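Readers should treat all values here as calculations from the given coordinates under stated rules, not as data from a laboratory. In this text, all values refer to a predicted model and were calculated from it rather than measured experimentally. Neighbour counts run over all protein chains shown; Cβ positions are idealised from the backbone, glycine included.
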Amino acid sequence: MAQTSSIAENLERVRERIAQAAGRAGRRTEEITIVAISKTFPVEAIRAAHEARLRHFGENRVQEFDAKRTKLAGLDATWHFIGHLQSNKVRRAVHLFDRIDSVDSLELARKLDQAAAEEKKRLPVLIEIHLGNETTKSGVAEADLGALAEGFSLLPHLELRGLMAIPPYLDDPEQARPYFTKLRELRDDLSGRLGSALPVLSMGMSHDFEVAIEEGATEVRIGTGLFGKRS
Ligand SMILES: *Cc1c(COP(=O)(O)O)cnc(C)c1O
């Protein structure tokens with residue numbers, strides 16, 4: 001089980017590395033938010049991370065988080081859904097999570113919009129883009145991004161905040177750089193096209209977040225780097 005002290009220590013190291021990467025890129029650390037990916041870890045680990053002042057958490061299974069959420073009542077945090085969302089879980093997800101970071105089809109976006117309307121909330125979301133990662137099918141193809149993003153204009157209960165991607169896992173994180181660059185360019189392009197800011201670029205995980213920050217990440221999604229190995 002994850003120890004409070006080790007999570008705090010891990011966080012300190014992550015923060016140092018974020019500061020160094022930001023420094024190299026001439027960016028301020030305040031521009032970069034850590035989303036702690038707590039999937040598979042117990043609520044105690046989330047509490048420990050929260051005590052260490054983390055306020056953003058990501059989970060990839062609705063059912064798993066449903067069980068945890070009741071034990072986390074009252075905890076002041078923003079809960080991100082980062083996984084593949086099945087149609088029959090959309091309502092529950094909209095109820096449980098504060099942001100959906102993995103919207104990858106207009107069909108899903110429409111269902112989210114409807115569920116958000118029922119919950120009487122405006123739901124912030126990210127579009128997930130598929131950047132040639134062979135190990136996952138999740139994410140909208142680059143060619144379909146424009147049509148998906150334009151579809152949001154008819155979905156008043158969703159607020160498109162930016163883009164997310166999971167590049168291929170490459171042993172040398174430096175090799176992931178072109179993917180991060182690409183995601184930033186797609187965001188800049190789309191932002192211009194839609195005439196809205198799209199401030200969020202969620203990219204970079206435990207093994208490659210420094211490169212992602214150098215390329216403009218505003219959110220890094222860190223799991224093992226904070227909580228240790230997942231079993
Ligand atoms: C699990 C996961 C992460 C965290 O990965 P680590 O390598 O443990 O940091 C980040 N993003 C997504 C979408 C994930 O599913």
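For the stretch 160-170, putting each phi into the Karplus relation 6.51 cos²θ - 1.76 cosθ + 1.60 with θ = phi - 60° gives couplings of 6, 9, x, 10, 9, 7, 10, x, x, 6, 10 Hz, in residue order, rounded to whole numbers and with x for Gly and Pro. Based on every Cα atom in the chain, Rg and the maximum pairwise Cα distance Dmax equal 16.9, 47 Å. Applied to the stretch 42-49, the Karplus parametrisation 6.51 cos²θ - 1.76 cosθ + 1.60 on θ = phi - 60° returns per-residue 3J(HN,Hα) values of x, 4, 4, 5, 5, 4, 4, 5 Hz, with x for Gly and Pro. When the stretch 2-227 is described by a simple charge dipole with +1 on each Lys and Arg Cβ and -1 on each Asp and Glu Cβ, the residue from A149, Q114, I127 located farthest towards its positive end is Q114. Cβ-Cβ distance of R230 and T181, R₀ of 25 Å, FRET efficiency by 1/(1 + (r/R0)^6): the value works out to about 0.30.
Judged by the mean number of other Cβ atoms found within 10 Å, the most tightly packed of the peptides 207-215, 192-200 leads the ranking 207-215, 192-200.
Applying the Karplus relation 6.51 cos²θ - 1.76 cosθ + 1.60 with θ = phi - 60° to the stretch 97-107 yields 3J(HN,Hα) values of 9, 8, 8, 10, 9, 9, 7, 10, 7, 5, 4 Hz, where x marks Gly and Pro. With a Förster radius of 45 Å applied to the beta-carbon distance between T29 and S87, the computed FRET efficiency rounds to 0.70.
In deg cm²/dmol, rounded to 500, what helix-only [θ] at 222 nm does the chain give when every DSSP H run of at least 4 residues adds -39500 (n - 2.57) and the total is split over its residues?
Details: 9 runs with 93 residues, N = 231.
-12000 deg cm²/dmol, from helical runs alone.
The calculated FRET efficiency for E142 paired with E12, based on their beta-carbon distance and R0 = 41 Å, is about 0.65. For R55 and Q114, the difference between the fully extended length at 0.36 nm per residue and the C-alpha to C-alpha distance is 18.5 nm.
Starting from the 7 Å offset along Cα-to-Cβ, what nm value, one decimal, do you get for the label separation of D76 and L170? That separation, rounded to one decimal, is 4.1 nm. Amide H contacts under 5 Å for G223: I37, S206, restricted to partners 5 or more places along the chain or on a different chain, H placed in the peptide plane at 1.01 Å from N.
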